[in-house]
1. Look at A:L66 and say whether it is more than 14 Å from ligand 2 (Cβ to nearest atom) and more than 13 Å from chain B (Cβ to nearest Cβ).
2. Could we say that A:E117 is more than 25 Å from B:C229 (Cα to Cα), away from ligand 2 (no atom under 16 Å from the Cβ), open to solvent by 10 Å² or more (accessible area, probe 1.4 Å) and among the charged types (D, E, K, R) here?
3. Would you pick out the residues in region A:94-110 that are surrounded by fewer than 21 Cβ atoms within 10 Å (Cβ to Cβ) and more than 8 Å from chain B (Cβ to nearest Cβ)?
4. What helices (runs of 4 or more DSSP H) lie completely within region B:1-59 and have 3 or more residues being under 19 Å from the mean Cα position of the chain (by Cα), under 20 Å from B:E124 (Cα atoms) and among the hydrophobic types (A, V, I, L, M, F, W, C)?
5. Test of understanding: among A:T89, A:T50, which residue is within 10 Å of chain B (Cβ to nearest Cβ), among the hydroxyl-bearing types (S, T, Y) and buried (at least 18 other Cβ atoms within 10 Å of the Cβ)?
6. Within region B:49-61, can you find the residues that are touching a residue at least 24 places away in the same chain (Cβ under 8 Å), at the interface with chain A (Cβ under 7 Å from one of its Cβ atoms) and not polar (S, T, N, Q)?
7. Checking A:A56 against (1) within 14 Å of another protein chain (Cβ to nearest Cβ); (2) within 15 Å of ligand 1 (Cβ to nearest atom); (3) closer than 10 Å to A:C110 by Cβ: exactly one of these is not met. Which one?
8. Given the options B:A97, B:A149, B:A83, name the one that is in the same structural domain as B:F53 (by TED's automatic domain parsing) and crowded, with 24+ Cβ neighbours inside 10 Å.
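The values are calculated or read from the model by the stated rules, or taken from the named source; none is laboratory data. Nothing here was measured: the structure is a model prediction, and the numbers come from that model. With ideal geometry, Cβ positions are generated from the backbone for all residues, glycine too; neighbour counts draw on all protein chains shown. When the accessible area is computed, the model is the full protein with side chains, heavy atoms only, and any ligands, DNA or RNA have been set aside. Shrake-Rupley method; radii C 1.70, N 1.55, O 1.52, S 1.80 Å.
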Amino acid sequence: MTEADEKDGPPVVLVDPIDMSKLDSEFRNEIKSMPYGDELNACFACSTCTAACPIANVWTYKPHQLIRMIILGMREEVLSSDEIWLCLTCFQCQERCPQKVRVTDIFFDCKNLAAEESKIPETIVGLAKTLMEKGQLYEVTADWEREDMDLEPAVPGLSTNEFKDIIKATRTGKIVGGEE
Amino acid sequence: MPSYNLYMGCSVPANYPNYEAAMLKVAKELGMELEYMEGVACCGSPNLRAIDFMGWLTVNARTIAIAEKNGHDIVTPCNGCFASLKDVYHHLKHDDAHKKQVNAVLKKEGLEFKGISKPRHFVEALYSDIGIEEIQKKITKPLDGVGIAIHYGCHVLRPKDVTEFSPEIYQELVKVTGATVIDYPLWKQCCGATVLPVNEELAIRLARDKLKSMTEAGAVFATVACPACGNQLDLQQLGLKESYGEEYNLPVLLYPQILGLAMGMDEDDVGLSMNRVPAGSIIEHLTE
Ligand code: SF4
Ligand code: SF4
């Protein structure tokens with residue numbers, strides 16, 4: 001970690017008592033049934049993932065806490081958290097986890113569940129729109145720069161319609177369609 | 001002569017024609033046959049994986065399936081495209097249910113994902129298939145030992161069981177040009193590109209930390225092999241004066257630019273003037 005913990009207040013080990021009646025005991029199974037959830041239960045809360053995370057200092061819920069929250073069934077809190085969207089997908093936590101929990105991949109699974117419930121940051125919805133309308137995130141605008149480098153002005157082989165058709169029929173279509 | 005399906009993705013062609021051209025030129029010199037793939041588009045980026053896993057699987061499986069028509073591996077100059085393609089390749093090789101589901105969609109186009117054509121990063125193909133020894137033979141203007149910090153990029157290094165990439169690959173490729181590889185504390189850390197759409201300030205902090213760590217360790221240049229990492233480390237430097245009151249003046253070169261220069265190409269061949277932080281000073285480090 002590169003900067004001191006910026007948060008004021010009590011140390012992160014002090015947590016509020018958990019109201020058992022609000023827990024969704026199926027959440028862990030939901031994640032476990034997803035592509036990267038196999039090792040979820042192996043987490044022994046060592047917080048190595050948090051130590052490896054370059055941005056955990058600005059997170060309210062740290063990576064190890066999010067994993068714990070998934071196991072406990074705090075579905076709503078996890079899926080509504082900003083943290084899952086701030087995750088850099090840098091895989092440093094996952095690389096270091098001694099229990100082989102696929103921490104980063106599990107956060108990807110969480111984002112998909114959140115997306116299914118339309119809990120997506122506006123800017124990401126914007127990217128989804130770009131992908132669906134243009135079939136790519138970046139379009140060549142400065143084709144003279146390409147010509148300067150003796151490249152074809154347009155990208156050879158590029159064809160975006162098939163891409164657009166595919167994601168129109170999957171969740172992206174719903175996300176973008178639901179916006180209009 | 002090894003042949004490859006060249007998958008460009010959308011960022012390199014739009015933002016880094018110098019990277020694209022330098023890659024094509026060094027590949028040609030070294031006898032790698034790169035052929036632009038027909039009928040492909042974007043990989044969707046980690047953003048698509050986050051919101052639409054099945055869509056992400058399908059578009060990338062489609063790209064791989066197109067490559068499988070000629071059976072050659074895929075190479076790409078972008079870490080993000082590499083990560084998407086390789087992750088999907090890995091996943092579909094291990095998940096029959098998803099493979100069937102994806103293939104049911106691809107069938108409409110007469111395509112099928114089989115898992116024959118492997119997605120690879122350009123630098124890895126250069127290292128594994130051409131090899132340091134052959135590259136060495138082409139070096140006519142070696143660098144004078146100048147210190148270069150490598151930013152590998154998260155998505156080639158991790159998760160290792162998926163990417164099968166090791167840092168030594170990139171280190172050896174830099175060393176063969178005559179440069180010295182600078183070891184710096186934050187070598188594994190993210191450039192911040194992924195978080196740019198949701199929190200720009202945080203993304204800038206990450207880029208700045210990285211640059212600080214590199215320069216403090218004595219790097220004179222940095223190198224990347226990814227357009228998104230390039231953006232973060234090169235372009236973002238221009239704004240750091242305002243946000244942090246700091247100036248790094250650390251030129252960031254795409255790897256094929258360095259290799260091309262060491263192989264005797266001139267600065268226009270590798271598009272040096274397109275780098276945001278002026279990188280022309282690398283010329284002074286070339287020896288005859
Ligand atoms: S590093 Fe692994 S085992 Fe340790 S807390 Fe994180 S997820 Fe759990
Ligand atoms: S992948 Fe996300 S949670 Fe894991 S270390 Fe990187 S930023 Fe932190």
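1. In short, no.
2. For A:E117, the condition - more than 25 Å from B:C229 (Cα to Cα), away from ligand 2 (no atom under 16 Å from the Cβ), open to solvent by 10 Å² or more (accessible area, probe 1.4 Å) and among the charged types (D, E, K, R) - is met.
3. Scanning region A:94-110 gives A:R96, A:P98, A:Q99, A:K100.
4. Filter on region B:1-59 gives B:17-29.
5. A:T89
6. B:R49, B:M54
7. For A:A56, the failing item is (3).
8. Testing whether each residue is in the same structural domain as B:F53 (by TED's automatic domain parsing) and crowded, with 24+ Cβ neighbours inside 10 Å leaves just B:A83.
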